[in-house]
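In what follows, a single structure is set out as structure tokens and then discussed.
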Amino acid sequence: MDLEEAEEFKERCTQCEAVSWGLTDEGKYYCTSCHNVTERSKEVINSDIIPNAQIKALNRGLKRKNNSEKGWDWYVCEGFQHILYQQAEALKNLGVGPELKNDVLHNFWKRYLQKSKQAYCKNPVYTTGRKPTVLEDNLSHSDWASEPELPSDVNSPFLESGMESQSDVHTRKSLRISKALQSETSVCSGSLDGVEYSQRKEKGLVKMTVPQTLAFCYLSLLWQREAITLSDLLRFVEEDHIPYINAFQHFPEQMKLYGRDRGIFGTESWPNYDDIYKKTIEVATFLDLPRFPDITEDCYLHPNILCMKYLMEVNLPDEMHSLTCHVVKMTGMGEADFLTFDPIAKVAKTVKYDVQAVAVIVVVLKLLFLLDDNLEWSLSNLAEKHNEKNKKDKPWFNFRKWYQIMKKAFDEKKQNWEEARAKYLWKSEKPLYYSYVDKPVAYKKREMVVNLQKQFSTLVDSTPTAGKKSPSSFQFNWTEEDTERTCFHGHSLQGVLKEKGQSLLTKNSLYWLSTQKFCRCYCTHVTTYEESNYSLSYQFILNLFSFLLRIKASLLHEEVSLVEKELFKKKYSVTKKKSKSKKRRR
Amino acid sequence: MSDFSEELKGPVTDDEQVETSVLSGAGMHFPWLQTYIETVAIGGKRKKDFAQTTSACLSFIQEALLKHQWQQAAEYMHSYFQTLEDSDSYKRQAAPEIIWKLGSEILFYHPKSNVETFNTFADRMKNIGIMNYLKISLQHALYLLHHGMLEDAKRKLSEAETWRHGEKTSSREILINLIQAYKGLLQYYTWSKKKRELSKLDKDDYAYSAVAQDVFNHSWKTSVNISALIKIPGVWDPFVKSYVEMLEFYGDRDGAQEVLTNYAYDEKFPSNPNAHIYLYNFLKRQKAPRSKLISVLKILYQIVPSHKLMLEFHTLLRKSEKEEHHKLGLEVLFGVLDFAGCTKNITAWKYLAKYVKKTLMGNHLVWVQEEWKSRKNWWPSFHFSYFWAKSDWKEDTALACEKAFVAGLLLGKGCRYFRYILKQDHQILGKKIKRMKRSVKKYSIVNPRL
């Protein structure tokens, strides 16, 4: 660093406002007081004074290529492939069948590369005449069964160089030069095509992003009809059971990330249900996938099974299951045609299985207890009296008692969740930086943070809060043994149903609709959910369930409205005409 | 089974009605507005979870600090350090200061923390971004002072003083002055210790000259360190006080007076009662003429009319030859007794009783009336209620007498306070009370004899 040469640069430092510049050995200005490095470089400002600066820089760059500082040449899609590979591995560890990784996800991914013209096609998209990493013949001599594991695709350009023809070596050489040129000028990235990739904009193209990897995972889970719903998947991501945030830190040592890669692979948010749901449909349509395997009654994703699961989760009586089944049947939501995802249908849409199942339970709760902040409490009084008199019988379900227990459990859970989120550590061990000169600063900062954390962890109680939770599709656990937290699974609904002939009717004969009017325009929104307009018990139930699924309460409210729309079709179409009385059989 | 769908609650079948009621509703609310405003503030983008969780983390820390849960605070702090790596450069630059403030607070109180941990933390934080180096150094030194580690504190201050990095900015200049001044203050402390030693020594003692030499050296260094700071507008009481003490010790009265005058009268300085008090005390020590003392206290009277020096002020005014000073003397006394904290000040009451009588005797009824006019609404219940009469008499009969006299003069002999005290039969005070009764009859402003 030569300070004299930097004297003509007179701007103030953006960080500390000092005017005291030095030159890095890559010709960029850095502030001597705070080590902030600018994007401005010496050559650009003063090219007439040092005419051969550019050449010097080039030489230097080429020399550096030989040491391992710069790492391998790699493409952005390889990065995503690596993330997908990790995610598939994690899913396998969660108990998902191995076919998901080896067949389904792999297949989808290859299809994606082909559709987006990145590989497996005649004219790959790389504009500068570069060859894509995965060679054509690679595809031709492999079939699904003998296909090696996913990472081989990543490694092939680096390790299986023997496979490369002489001409490939040539192209790679020229590539290196262009890369060297590139990294010495202002725009840069660790990957070969990071800059191009972030600029690529084509109509109809679905570009890979980190959230998109989850869309791929979910599609494969759906294809395999695995027992993981979208909300489960996202929760596992949040609980760090599936690599997502900073997934790049597990890239091989030689795959260096910086500059533009930061924007492509860095994530500072957890995935959002609605967003991933939309991306899933988008990806499936882009891949032009055929109709998915049917969701039948024995599938986990079928509402009858999911309803059972969620009834258990929120500690509601098993007897409610027959009612949910009834609602599912009446609305036609249990049919395979309704449930199965078909991306090539006219309007590609898939069902939010988990949200829908929960919505059915909410509807059933409304049928039984009305949830108007009034009837549910008077029914609870009845149940309480009955239970006191008949201590030996199967107890009647008492809504109030359930509410008290659930409220406590829910508040605790939510508090823990919020605290855990606040304590979440976002930053990876491998800091992402903008350019090579930034690297030492970024690493120094990282080290600083680690040291500070080390210091403060000595102040924290020596017993660390129970480490990573083991993944589970259940968040609450209710057992008969626990006396503190009553388990309501075995309680009966007798108090809220009455016999009439051979059928059982709900004692409550009223109902209110969550939405009075659906929007007739083409917008997708069904209704807005304004909490204060609804009863407190309804709010509580929505909050409870939406917390379980980690979605917004309004999303669930929307789904409840949709279920009601199906259930009370007549009410919506013919308002005045009396509808037929419905009978409930048990 | 009666069908539940048939008897849907009212509004369901009557869409129109609901809609109109929503539209015409007086209680308009826009649930979307809040979220809209929030998104506007961050440029339309959804706030990243990183930003959300770190700000939640910050409020958890603040809550823990508020509840003195140092352990929890440290736990959250562990996560909060990542804001140093925030990708938002604005937040990243603000982070070190926040972390320093929170972290030093935690380490100050945490049971497992000690000086060593604090030192490590401070040294680390100093070197994250140079913006906070001086501020942290200063606070670090104050922490060491708090733990009685004078020498270490001094060393830290010297380190900070000689630290040079980048360009000098004006804010940095003030900090450097402050650091130097604190160093000066520490030197003053040693000096004043030495001075005490010196005063114990005999002049003929062989150690005397050595110590005296030491004292002199210190004073010289200190004056350099402090004088720069106290020229900058601000409140520098301890610095000024010690500086003046040293100047006085070495006989530089003019210098001391200049410093104090400047500190009290320079308009750029914030209004500071202590500045006037220091000046007054100095002038009193110097036996300055009365008029000068009066002019200093006049300003203090305007800032703090209830200050205990006001009684001295009154005495000065009373002794003055000017009539306007006599009038002001009355005002000052009334002013002091306006304050709840002074109601039991017997000297003030004694002065007031005497002075009101004197004023009335001197035919300045108007002055008393003028003062009384604004107070007659509330003084009777504030000072002269029956309750006070009883409790004052019980606690301090002398005070009760003085107050009764004033009450009598201002409210006439029918006043309850006066009557209550009069009724009390006290052997020693009997004569005094009689005299008082006579005076009241003669001078009371109620039904004045023309």
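Looking only at the stretch A:296-307, decide whether some residue is touching a His at 6+ places or on another chain (Cβ under 7 Å) and under 30 Å from A:A409 (Cα atoms).
The answer is yes, given that some residue of the stretch A:296-307 is touching a His at 6+ places or on another chain (Cβ under 7 Å) and under 30 Å from A:A409 (Cα atoms).
Go through B:A228, B:A210 for me and flag whichever is part of a helix (DSSP H, G or I), without any contact (Cβ under 8 Å) to a residue 24 or more places away in the chain, out of contact with any Gly (no Cβ under 7 Å at 6 or more places or on another chain) and surrounded by fewer than 18 Cβ atoms within 10 Å (Cβ to Cβ).
Working: B:A228 fails: without any contact (Cβ under 8 Å) to a residue 24 or more places away in the chain.
Going through B:A228, B:A210 in turn, the sole match is B:A210.
Quick test of your reading of the structure: A:P252 fulfils all but one of (1) more than 14 Å from chain B (Cβ to nearest Cβ); (2) touching a helix residue (DSSP H, G or I) at 6+ places or on another chain (Cβ under 7 Å); (3) within 30 Å of B:S87 (Cα to Cα); (4) in a loop (DSSP other than H, G, I, E, B). Name the failing condition by number.
(2)
Looking at this structure, is B:P238 out of contact with any Gly (no Cβ under 9 Å at 6 or more places or on another chain), closer than 22 Å to B:I303 by Cα and in a helix (DSSP H, G or I)? Steps first, please.
Numbers: out of contact with any Gly (no Cβ under 9 Å at 6 or more places or on another chain): yes; closer than 22 Å to B:I303 by Cα: yes; in a helix (DSSP H, G or I): yes.
Taking the combined requirement at face value, the residue satisfies it.
Taking the condition at pLDDT 90 or above and in a helix (DSSP H, G or I), does A:E282 pass?
Values: at pLDDT 90 or above: yes; in a helix (DSSP H, G or I): yes.
Yes, satisfied.
Of the residues A:K349, A:K385, A:K309, which single one is farther than 26 Å from A:I541 by Cα and either within 14 Å of chain B (Cβ to nearest Cβ) or surrounded by fewer than 22 Cβ atoms within 10 Å (Cβ to Cβ) (or both)? Write out each step before concluding.
Values: A:K385 fails: farther than 26 Å from A:I541 by Cα; A:K309 fails: farther than 26 Å from A:I541 by Cα.
Just one listed residue meets the conditions, A:K349.
Do the conditions hold for A:S428, that is, is it assigned to a helix (DSSP H, G or I) and polar (S, T, N, Q)?
Values: assigned to a helix (DSSP H, G or I): no; polar (S, T, N, Q): yes.
No, not satisfied.
Just to be sure I understand, how many residues within the stretch A:482-506 are at pLDDT 80 or above and in a loop (DSSP other than H, G, I, E, B)?
7
Only residues that are in a helix (DSSP H, G or I) and within 16 Å of B:S79 (Cα to Cα): list them for the stretch A:401-425, please. Please lay out each step first, then the result.
Here is the first cut: in the stretch A:401-425, the ones in a helix (DSSP H, G or I) are A:401-422.
Across the stretch A:401-425, the qualifying residues are A:N416, A:W417, A:E418, A:E419, A:A420, A:R421, A:A422.
Looking only at residues in the stretch B:242-258 that are in contact with a Leu (Cβ under 7 Å, 6 or more places away or on another chain) and surrounded by 18 or more Cβ atoms within 10 Å (Cβ to Cβ), which one is nearest to B:L185 (Cα to Cα)? Spell out the reasoning first.
Step one: of the stretch B:242-258, the residues in contact with a Leu (Cβ under 7 Å, 6 or more places away or on another chain) are B:242, B:244, B:255-256.
Subsequent filtering for residues that are surrounded by 18 or more Cβ atoms within 10 Å (Cβ to Cβ) retains B:242, B:244, B:256.
On the way: B:S242: 7, B:V244: 12, B:A256: 17 Å.
Step by step, filter the stretch B:242-258, then rank; the result is B:S242.
Conditions first: (1) over 25 Å from A:R235 (Cβ atoms); (2) surrounded by 14 or more Cβ atoms within 10 Å (Cβ to Cβ); (3) small (G, A, S). A:A357 passes all but one, so which condition is the exception?
(1)
Quick check on A:V450: is it surrounded by fewer than 17 Cβ atoms within 10 Å (Cβ to Cβ) and among the β-branched types (V, I, T)?
Values: surrounded by fewer than 17 Cβ atoms within 10 Å (Cβ to Cβ): yes; among the β-branched types (V, I, T): yes.
Yes; evaluated as a whole, the condition is true for this residue.
Residues are listed down the side, and each one gets a yes or a no for (1) of a type in the set (V, I, T); (2) within 11 Å of chain B (Cβ to nearest Cβ); (3) farther than 30 Å from A:G490 by Cα:
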site: A:K401; (1), (2), (3): no, no, no
site: A:M406; (1), (2), (3): no, no, no
site: A:K423; (1), (2), (3): no, yes, yes
site: A:K427; (1), (2), (3): no, yes, yes
site: A:K430; (1), (2), (3): no, no, yes
site: A:Y434; (1), (2), (3): no, yes, yes
site: A:D438; (1), (2), (3): no, no, yes
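Any idea which residue in the stretch B:114-143 is farthest from B:R92 (Cα to Cα), counting only those that are hydroxyl-bearing (S, T, Y) and free of Cβ contacts under 8 Å to residues at least 40 places away in the same chain? Before the answer, list the steps.
If we filter the stretch B:114-143 for residues that are hydroxyl-bearing (S, T, Y), which is where we start, we get B:117, B:120, B:133, B:137, B:143.
Those left that are additionally free of Cβ contacts under 8 Å to residues at least 40 places away in the same chain: B:117, B:120, B:133, B:143.
Values: B:T117: 24, B:T120: 22, B:Y133: 16, B:Y143: 26 Å.
The qualifying residue farthest from B:R92 (Cα to Cα) is B:Y143.
What number of residues within the stretch B:88-123 satisfy the criterion of being at the interface with another protein chain (Cβ under 7 Å from one of its Cβ atoms) and not in a helix (DSSP H, G or I)?
Summing the residues that are at the interface with another protein chain (Cβ under 7 Å from one of its Cβ atoms) and not in a helix (DSSP H, G or I) in the stretch B:88-123 gives 3.
The values are calculated or read from the model by the stated rules, or taken from the named source; none is laboratory data. Everything quoted here is computed from the prediction, not taken from an experiment. Note that we place each Cβ from the backbone using ideal geometry, even for glycine, and neighbour counts take in every protein chain shown.
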